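**Q** One structure is given below, represented as structure tokens, and several questions about it will come after.
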Amino acid sequence: CEALLDQMPVGRVAFVFATQPGVLPVNYRWVEGEVLFRTFTGQKFHAAKMHQHVALEIDEWDAELRSGWSVLVKGHAEEVIEWDKARAADELGLVPWTDAAQLGPWVRIVPEEITGRRIE
């Protein structure tokens, strides 16, 4: 699972905002056992500020061969506030999808459970 997390550039973060579930794509990096992504004020950042339980899902599938795999990371989100970690994250070369997130804060998902499955 960790090798796949290290290879994939995009995942979907699931969270709760205003009592409603949400799932949004993020481009992320798997660094030292944590998921890192940059965001701007909004639903994902709110989840991090509230230290919510969240999930990140990545997958790949082939409709023709009816095969694929998925990885699910469950944990809690939090803003990266340590200067050294934020500075190191800046050097990852990770460019968010939107310009607004470019200078936004870093968020990490601290895993509590990682599971995966493969269908062949």
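The values are calculated or read from the model by the stated rules, or taken from the named source; none is laboratory data. Values in this document were obtained by computation on a predicted structure and should not be read as measured data. Using ideal geometry, Cβ is built from the backbone for each residue, glycine included, and neighbour counts are taken over all protein chains shown. Surface accessibility is based on the protein's heavy atoms, side chains included, excluding ligands, DNA and RNA. Shrake-Rupley method; radii C 1.70, N 1.55, O 1.52, S 1.80 Å.
**Q** What FRET efficiency comes out for Leu103 versus Leu24 if R0 is 22 angstrom and r is the Cβ-Cβ distance? Round to the nearest 0.05.
**A** Values: r = 19 Å, r/R0 = 0.86.
Step by step, r from the Cβ atoms, then E = 0.70.
**Q** Mind putting together the pair-distance distribution for the range 37-120? All Cα pairs, 10 Å bins, whole percent per bin, short to long.
**A** 17, 37, 31, 14, 2
**Q** Further question: Run the reach check for Lys49 against aspartates and glutamates, Cα to Cα strictly under 20 Å, same-chain hits fewer than 8 apart removed. What comes back?
**A** Glu34, Glu78, Glu79, Glu82, Asp84, Asp90, Glu112
**Q** Express the relative contact order of the chain as a whole percentage, based on alpha carbon pairs under 8 Å and six or more residues apart in sequence. Write out the running numbers ahead of the final one.
**A** On the way: 246 pairs, mean separation 36.8, N = 120.
Rounded, it is 31 percent for the chain.
**Q** Not counting ligands, DNA or RNA, and with a 1.4 Å probe, what is Trp69's accessible surface area in Å² rounded to the nearest 10?
**A** About 30 Å², rounded to the nearest 10.
**Q** From the phi of every residue in the range 67-76, what ³J(HN,Hα) in whole Hz does the Karplus formula 6.51 cos²θ - 1.76 cosθ + 1.60 yield, where θ is phi - 60° and glycine or proline is x?
**A** For the range 67-76, the Karplus-derived couplings read 9, x, 8, 8, 10, 10, 10, 10, x, 10 Hz, x marking Gly and Pro.
**Q** List every residue whose amide H lies under 5 Å from the amide H of Val80, counting only residues 5 or more places away in sequence or on a different chain, with H placed 1.01 Å from N in the peptide plane.
**A** Trp106, Val107, Arg108
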